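No lab work stands behind these numbers, since they all come straight from the coordinates. Remember, predicted model here, so these are calculated numbers, not experimental data. For neighbour counting, all protein chains shown are included, and Cβ atoms are generated from backbone atoms with ideal geometry for every residue, glycine included.
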C-alpha cells in the first residue's frame, strides 16, 4: 500500500478492464519514471478523447462526427448489416477486408446474471434500422460465448419474421490449432460448418 496520490493513481488504473493490481502498480511506476512531456501528452489525449469522441448516431460505432467513417462511406453496401457487440469488433472485422456492408454496435451482450437485458442494448435502434425493405442480409457477429450465443439467438428470433436473410458467423477450429486442444463445442461447430472441397 502506497501513500496519497500514488495509491490514488494505482487505484484508478486498477479500475481499467484487464488491469489487475500488479499491472496497475507497474503502469503507475512507469508513469512516475516517464518524462513529464510524455505524461502530459497522455493526459491531453485522454481529455481530448472524452471531449471529441462519441457514438455514431446510426450504428453506435465510435465517431468524431455525427456519423462514423463506415456509415459516411458511400461505397459501403447499405443492404448488408453486420451486428457486433462492441466497437472493437468492428475493427477486427475491418482488418479482414472481407465485409463491405454497414455495422450495428449493440453496446454489449445479453447477460441476465449481470442484469443486462434487451433494453440495455441498442436493439430498439436496430429494429428501427431493419424496417428498411431494401435489406438483403443481416449477419450476426456476436462473440462465440454464452452471452454472445444468447444474444444471437434472441436477435435471430426477433429478426427472422421480417423476411430478411439472417446469418451467423461460422465458428470452429483456429488456423494453426491442434484438434487435441479443442473443446467439444468448438469441435462440434467445426463439424457443423464443414465445407466440401472442390478439386
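Quick notes on this one:
- Mean ellipticity per residue at 222 nm, deg cm²/dmol - from DSSP H runs of n ≥ 4 across the chain, formula -39500 (n - 2.57): -13000 deg cm²/dmol
- Each part gets one Cα centre, and for the range 54-114 versus the range 143-183 those centres are 17 Å apart.
- In terms of packing, defined here as the mean over residues of other Cβ atoms within 10 angstrom, the peptides 162-169, 101-108 line up highest first as 101-108, 162-169.
- Projected area, mean over directions - the range 4-52, Cα convex hull, nm²: 3.8
- Distance in nm between pseudo-label sites at residue 132 and residue 69 (7 Å out along the Cβ direction from Cα): 2.0
- Hydrodynamic radius by Kirkwood, which averages 1/r over all alpha carbon pairs of the chain, in angstrom: 20.1
- Ordering 56-62, 11-17, 143-149 by mean Cβ neighbour count within 10 Å, with the highest value first, yields 56-62, 143-149, 11-17.
- Label-point gap, in nm, between residue 15 and residue 120 - each point 7 angstrom along Cα→Cβ: 1.9
- Rounded to 5, the percent of DSSP beta bridges in the chain classed as antiparallel: 20
- Stretched out straight at 0.36 nm per residue, the stretch from residue 51 to residue 95 would grow longer than its current Cα-Cα span by 13.1 nm.
- Once the chain from residue 27 to residue 5 is taken as fully extended at 0.36 nm per residue, the excess over their C-alpha distance is 6.5 nm.
- Put in order of Cβ neighbour count within 10 Å, fewest first, the listed residues 23, 131, 87 become 131, 23, 87.
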